[in-house]
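A quick write-up on the structure given underneath.
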Amino acid sequence: MERLILVIVEAAIELVPESIQDHPSIRAYAARRGKKPWEILLDRSYHHSAMKRLPEAEKRGRPDIAHFMLLEALGSPLNKLGLLEVYVHTRSGHAIWVNPRTRLPRVYERFKGLIEKLYQEPVVEVDGEILLKLEKKTLAQLIDELNPDLKILLSERGESMSWSDLGRLVVSAKKPLLMIGGFPHGDFHESVYQMADEIISIWPEPLEAWIITSRAISIIEHALGIGEQSTQRKP
């Protein structure tokens, strides 16, 4: 394996849809933050009453899920060794590339502000280095551009597989792509299933998305032998 490509798919990240921008809870929240209703991220913690109007409301308004997942991925030994490439494909139909060296805000509200800025200015750059980049594209377009030789989707509907077998499967590929859902409830759209070469379940019960992310990366690190050689600490 040269590098694992991790894609957070159907991430519950989107700006407030036009259909509910006039809702009192949306307008009040935007005013408190000094922004327009169309400049803020949909967030169930603040917009629950307004979201009742939206289709698939149970899958939407949870940017915090992708935040947790990204913190797990970017802080992993796999990433620190240069063996991880991370993308977020959002509910709004955007792909976000995350530079492996990016240090995301630990505070959720600051993370939201960063993503809101990214929707307005689709490149975050510091000292000439691009840290985040947002582009309008479908998941299929993103995967075609990445051109992996193995596409794995982790889903409760998948074939049950042991952790060791999953690790061996992933590292046997040169450029594997792993898809993990970034939404709170519901199921993937059928088109996502159709894009996968393998659909795999690693636990018989539902787990939080960031737990799946952490476990999957750990499984792959173990398959690569990362961390198995102890280091001697100097006295």
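If a/c stays under 1.5 just call it rounded; otherwise compare a/b with b/c (prolate if a/b is bigger, oblate if not). Do that for the stretch 18-58, with a ≥ b ≥ c from the square roots of the Cα gyration tensor eigenvalues.
Prolate is the answer for the stretch 18-58, as a/c is 1.5 or above and a/b outweighs b/c.
Convert each backbone phi in the stretch 212-219 into a coupling constant with the Karplus relation 6.51 cos²θ - 1.76 cosθ + 1.60 (shift: θ = phi - 60°), then list the ³J(HN,Hα) values in order as whole Hz, x for Gly and Pro.
Computed from phi, the couplings for the stretch 212-219 are 4, 4, 4, 5, 4, 5, 4, 4 Hz.
Charges on Cβ only, +1 for Lys and Arg, -1 for Asp and Glu, centred on the Cα centroid of the chain; of 54, 164, 199, which one is farthest towards the dipole's positive end?
Final value for the positive-end residue is 54.
Near residue 117, which lysines are there with a Cα under 24 Å away, not counting those fewer than 8 places off in the same chain?
Straight-distance partners of residue 117: 35, 36, 59, 133, 136, 137.
Fully extended, how many nm does the chain gain between residue 28 and residue 110 (0.36 nm per residue separation, minus their Cα-Cα distance)?
Extra length from residue 28 to residue 110 when fully extended: 27.6 nm.
Report the rotationally averaged projected area of the chain based on its alpha-carbon convex hull, in square nanometres.
Averaged projected area of the chain's Cα convex hull equals 15.0 nm².
Output the relative contact order of the stretch 18-58, whole-number percent, from Cα pairs under 8 angstrom with separation of 6+ residues.
Normalised by residue count, the contact order of the stretch 18-58 is 41 percent.
Please list, ordered by chain and number, the residues whose modelled amide H lies under 5 Å from the amide H of residue 201; skip anything fewer than 5 residues away on the same chain.
Amide H neighbours of residue 201: 155, 158, 159, 160, 161.
Taking H as built 1.01 Å from N, whose amide H comes closer than 5 Å to the amide H of residue 84, not counting residues under 5 places away?
Under 5 Å from the amide H of residue 84 lie the amide H atoms of 4, each far enough along the sequence or on another chain.
HN-Hα J couplings of the stretch 180-187 from phi, Karplus 6.51/-1.76/1.60, θ = phi - 60°, integer Hz, Gly and Pro as x?
10, x, x, 10, x, 9, x, 10
Would you work out the charge dipole size for the chain about its Cα centre, treating the Cβ of every Lys and Arg as +1 and the Cβ of every Asp and Glu as -1, and quote it to the nearest 20 debye?
Rounded to the nearest 20 debye, it is 900 debye.
Calculate the FRET efficiency for residue 125 and residue 103 from the Cβ-Cβ distance with a Förster distance of 22 Å, rounded to the nearest 0.05.
With R0 = 22 Å, the Cβ-Cβ based efficiency is 0.95.
Quick one: 3J(HN,Hα) in Hz for the stretch 84-99, Karplus 6.51/-1.76/1.60 with θ = phi - 60°, rounded, Gly and Pro as x.
Couplings: 9, 10, 10, 9, 10, 10, 8, 4, 7, x, 10, 10, 10, 8, 10, 4 Hz.
At a threshold of 8 angstrom on Cα-Cα distance, excluding pairs fewer than six apart, so keeping six or more, what relative contact order does the chain reach in percent?
Rounded, it is 26 percent for the chain.
Taking just the alpha carbons, could you work out the radius of gyration and Dmax for the stretch 123-235, both in angstroms?
Reported Rg and Dmax, both Å: 16.9, 56.
Once you put a point 7 Å from the Cα of residue 3 and another 7 Å from the Cα of residue 160, both along the Cβ direction, what distance in nm separates them?
Each label point is offset 7 Å from its Cα along the Cβ direction, giving 3.6 nm.
Take the chain, connect every pair of alpha-carbon atoms lying under 10 Å apart with a spring to form a Gaussian network, then pick out the residue of 187, 43, 144 with the largest mean-square fluctuation.
In this elastic network of the chain, the residue with the biggest mean-square fluctuation among 187, 43, 144 is 144.
Based on the Cβ-Cβ distance from residue 53 to residue 203, what FRET efficiency comes out when R0 is 35 Å, to the nearest 0.05?
So, using R0 = 35 Å, E works out to roughly 0.55.
Extending each Cα 7 Å along its Cβ direction at residue 18 and residue 222, get the distance between those two points in nm, one decimal.
Roughly 5.0 nm, to one decimal.
Sort out the exposed loop trypsin sites (Lys or Arg not before Pro) in the chain (DSSP loop, at most 12 other Cβ within 10 Å) and tell me the longest stretch that has none.
Between exposed loop sites, the widest span is 107-173.
Could you tell me the distance between the Cα centroids of the stretch 77-105 and the stretch 177-228, to the nearest Å?
15
Of the DSSP beta bridges with both residues in the chain, give the percent that are antiparallel, rounding to the nearest 5.
Of the beta bridges lying entirely in the chain, close to 40 percent run antiparallel.
Rule-based calculations on the coordinates, nothing more; no lab input. Note that the structure is a prediction, hence the values are computed from the model and not measured. All Cβ positions, glycine included, derive from the backbone under ideal geometry; neighbour counts span all protein chains shown.
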